[in-house]
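Undergrad: The structure under discussion is supplied below as structure tokens; questions concerning it will follow.
The values are calculated or read from the model by the stated rules, or taken from the named source; none is laboratory data. Remember, predicted model here, so these are calculated numbers, not experimental data. Cβ: placed from backbone, ideal geometry, glycine included. Neighbour counts: every protein chain shown.
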Amino acid sequence: MSKTVYSSRIRWVFLDVGNVLFNDDPLMAVVYSRMWEAIRRRRPGFSFSSLMAERERLIETWEYKHYSILARRYLSEEEWASLHLQILEGVRDRFEGLNQPIPASLEVVRSLSRRYKLGVAANQMASCRPLLVKRGLLPYFRAILISEEIGLAKPDPRFFERLLRVAACAPERVVMVGDRIDNDIIPAKRMGLRTIWLQLDPVNKGYQPEDAQARLYLESLQRGSLSLVPPRSTQEQPDQTIHSLSDLPSALEALSGSVAGSTPG
């Protein structure tokens, strides 16, 4: 019988941005509100609650493109293409207000940078970079992989191949920290990285919506969110699961043995 031992340390830690460093729930609330307004022009009696119920059913099936699927369910391709472009441009103009900082993000990143090489690995607009600068986070990261900038997005294996080329070390010495099993944990594990799942309760991320649709969206998140969908098998299990960003240093400490090997038991 053999057992797993770890003989070297974690070198790199890559962090997602959405729901790890920034809370993008306000952004998605805007996306769904704009979609609903467009759908209502076709179906005046269609309620926002009905849209949220359909969203939750898609989440249950791990459908990460839930919003575009719903848009195409009720709008033509031309209508959705036009609306999507309008939403993207509107989001760029309001990116800071729609991406609130996760509590303790700056303090945790600053602390981790003293011990590990840090990188960003995120499906984000290029607008993410200046906001990282404005919030004082960028100087602590040695590598920035933002999907819109590099033309690759998670869970594409090529995104993680790019990440490993940047890290220039064995995959088991690299940790991916993300909020989603489908986008972050599964593809990182397939590439040999070690993984930490940050599973935040939507009500503890500091978002306090003011308008009715945004409040309904937050309630819907509590019933169904891709950030809360658990692994479906042992192969998809993260190495560590945490429920607060403040718990990340201790989770990394638990992993800090690094390269896995076998010794006789």
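Undergrad: Is it the case, given these coordinates, that I242 is within 17 Å of G18 (Cβ to Cβ), crowded, with 21+ Cβ neighbours inside 10 Å, at pLDDT 90 or above and of a type in the set (V, I, T)?
TA: So I242 fails the test.
Undergrad: Something else: What do you reckon, is L218 crowded, with 17+ Cβ neighbours inside 10 Å and touching an Asp or Glu at 6+ places or on another chain (Cβ under 8 Å)?
TA: yes
Undergrad: Shifting gears a bit: In region 12-34, is there at least one residue being among the charged types (D, E, K, R) and in contact with a His (Cβ under 7 Å, 6 or more places away or on another chain)?
TA: Let us first name the residues in region 12-34 that are among the charged types (D, E, K, R), namely 16, 24-25, 34.
Add one more test, that the residue is in contact with a His (Cβ under 7 Å, 6 or more places away or on another chain), and what stays is none.
No: region 12-34 contains no residue that is among the charged types (D, E, K, R) and in contact with a His (Cβ under 7 Å, 6 or more places away or on another chain).
Undergrad: Return the total of residues in region 165-176 being in a helix (DSSP H, G or I) and closer than 14 Å to T195 by Cβ.
TA: Taking region 165-176 first, the residues in a helix (DSSP H, G or I) are 165-167, 171-173.
In the following step, the residues that additionally are closer than 14 Å to T195 by Cβ were identified as 171-173.
Qualifying residue count, region 165-176: 3.
Per-residue answers, yes or no, for (1) of a type in the set (D, E); (2) touching a residue at least 24 places away in the same chain (Cβ under 8 Å):
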| site | (1), (2) |
| --- | --- |
| E56 | yes, yes |
| R73 | no, no |
| S82 | no, no |
| F95 | no, yes |
| N99 | no, yes |
| A121 | no, yes |
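Undergrad: What's the number of the condition T195 fails, among (1) at pLDDT below 95; (2) of a type in the set (S, T, Y); (3) surrounded by 16 or more Cβ atoms within 10 Å (Cβ to Cβ)?
TA: (1)
Undergrad: Look at S233 and say whether it is surrounded by fewer than 17 Cβ atoms within 10 Å (Cβ to Cβ) and either farther than 25 Å from E107 by Cα or of a type in the set (K, R) (or both).
TA: Yes: the conditions hold for S233.
Undergrad: To continue, here is another question. Restricting attention to region 119-131, report how many residues are of a type outside the set (D, E, K, R), outside any loop (DSSP other than H, G, I, E, B) and more than 12 Å from D16 (Cα to Cα).
TA: Matching residues across region 119-131 total 2.
Undergrad: Consider Q208 carefully, then state whether it is in a helix (DSSP H, G or I) and farther than 23 Å from L252 by Cβ.
TA: When the stated conditions are applied, Q208 does not pass them.
Residue by residue, here is whether (1) in a helix (DSSP H, G or I); (2) at pLDDT 95 or above; (3) among the hydroxyl-bearing types (S, T, Y) holds:
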position	(1), (2), (3)
R9	no, no, no
S33	yes, yes, yes
W36	yes, yes, no
I39	yes, yes, no
G45	no, no, no
A53	yes, yes, no
I59	yes, no, no
S68	yes, no, yes
